[in-house]
1. In the range 156-217, if the dipole is taken from +1 on Lys/Arg beta carbons and -1 on Asp/Glu beta carbons about the Cα centre, which of 183, 215, 196 is farthest to the positive end?
2. Return the FRET efficiency for the residue pair residue 204, residue 322: r is the Cβ-Cβ distance, R0 is 25 Å, and the value is rounded to the nearest 0.05.
3. Just the Cα atoms of the chain, one point each, no solvent: what log10 I(q)/I(0) does Debye give at q = 0.14 Å⁻¹?
4. Provide the three semi-axes, in whole Å and in decreasing order, of the ellipsoid equivalent to the range 203-267 as defined by the square roots of 5 times the Cα gyration tensor eigenvalues.
5. Just grab the label-to-label distance for residue 45 and residue 125, each label 7 Å out from Cα along the Cβ direction, in nm (one decimal).
6. Show me the three semi-axes of the equivalent ellipsoid for the range 65-173, from the C-alpha gyration tensor (sqrt of 5 times each eigenvalue), largest first, rounded to whole Å.
7. Could you tell me the ratio Rg/Rh of the range 3-51? Both radii from Cα atoms, Rh via Kirkwood.
8. Which longest run of the chain has no exposed loop site in it, a site being GluC sites (Glu not before Pro) in a DSSP loop with at most 15 other beta carbons within 10 Å, and the site itself not part of the run?
Amino acid sequence: METSRSVSFLKNAWYVAALSTEVGPDGVFARRLLNTPVLIYRKQDGTPVAMLDRCPHRFVPLSMGMRQGDDIVCKYHGLKFDCSGACNRNPHGNGHIPRAARVRTYPLLERFGFLWIWMGEQSADESRLPDVSPLTDGHPNSVGFTYMHRKTYYELITDNVMDLSHVDHLHGEIISTRGQLTPQVPQVKETDNTVATRWEWKQTPPIFILNQFLPEPQAEARHFVEVKFMAPTTVQLQIGATQGDGPLDLENCVGQYDLHTTTPESDGTTHYFFATRRNHIEDDADYNAAKIKGMHDAFVDEDGPFVDAQYVAIGNTDLLSLNPVLLSSDVGAVRARRLLRSVIADEGKAAQPEAGGTQAHAAIHA
């Protein structure tokens, strides 16, 4: 493996901590996020809370403790903490609670079927939560969620989704695009905080995940797929097909909206969250379960081994620093990487005190 670089994550951003369904009404849920152990649970009214999974006394995981109502008790020495992280009971001596007996908490938002966490030092900014509302706009039986743990660096998963030309070479018949993506130079649109890549093509028969819902399943259809990256880790994917003359979008096509979002667990392991919502046979719960299982298995069995193998080969070294051979289809992934580098650099500059201010502070205390 290549020598890994020192990893810097974007901290002042919303990451998915868990699927909403992963955190039940009882007990506690523990997960490492951005190299930090985090404890998540729901208060008795269902509101989720998150805190550092570490007792400030002997630093054991609070997730090894127990719930008492909305509080957490460390079973090692009995300190109890409320959901704000403050210690509210010390069973030792005269019961005095040291000022330092406090656990850091993290803002959580429950939106779109996920629990989103803000782990940065800046105040949490709800306006920076990615808008993935299409997931929950339809019938509840038309959306499926899944989770995968991968032994790879999170940016390699983003690369995989941003360059869909690999579909022509890696995937099987179910999502075959008949080799139509590889020859294209995809259309790319950028804003200050997004990169979108789009392909349009015709194929016969249409892509198998959609053709059975078209008027003529074996006849030619127009297709589109668009992926949009939003820093630090969220990618929206829309794919559709039509045998009509309307625009190539989900309002006029049979298709689906997919969400790929990752949260680094460590410098070389990643939490991968995926969801998909379709605009056809929306009330069929059995089909929904089969659909999400099929897409989960496709990544685990097909994409996953390749992004894991990339990590074995290069670790978390910046891919572009290795001067890889770049192809025309790489344009979206490369620009997404550059955007992420830019926002991480901006965050780092904002966190540094101005030189003059530092010198003045030193002079006052000299």
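The values are calculated or read from the model by the stated rules, or taken from the named source; none is laboratory data. Keep in mind it's a predicted model, so treat the numbers as computed, not measured. Cβ sites come from the backbone with ideal geometry, for glycine too, and all protein chains shown count toward neighbours. When the accessible area is computed, the model is the full protein with side chains, heavy atoms only, and any ligands, DNA or RNA have been set aside. Shrake-Rupley method; radii C 1.70, N 1.55, O 1.52, S 1.80 Å.
1. The listed residue farthest towards the positive side: 215.
2. It comes out at approximately 0.05.
3. So the normalised log intensities work out to -1.22.
4. The equivalent ellipsoid of the range 203-267 has semi-axes of 30, 12, 8 Å.
5. 2.8 nm
6. 42, 17, 16
7. Across the range 3-51, the Cα-based Rg/Rh ratio is 1.08.
8. Looking at the chain, 3-120 is the longest stretch - no exposed GluC sites (Glu not before Pro) with at most 15 other Cβ atoms within 10 Å.
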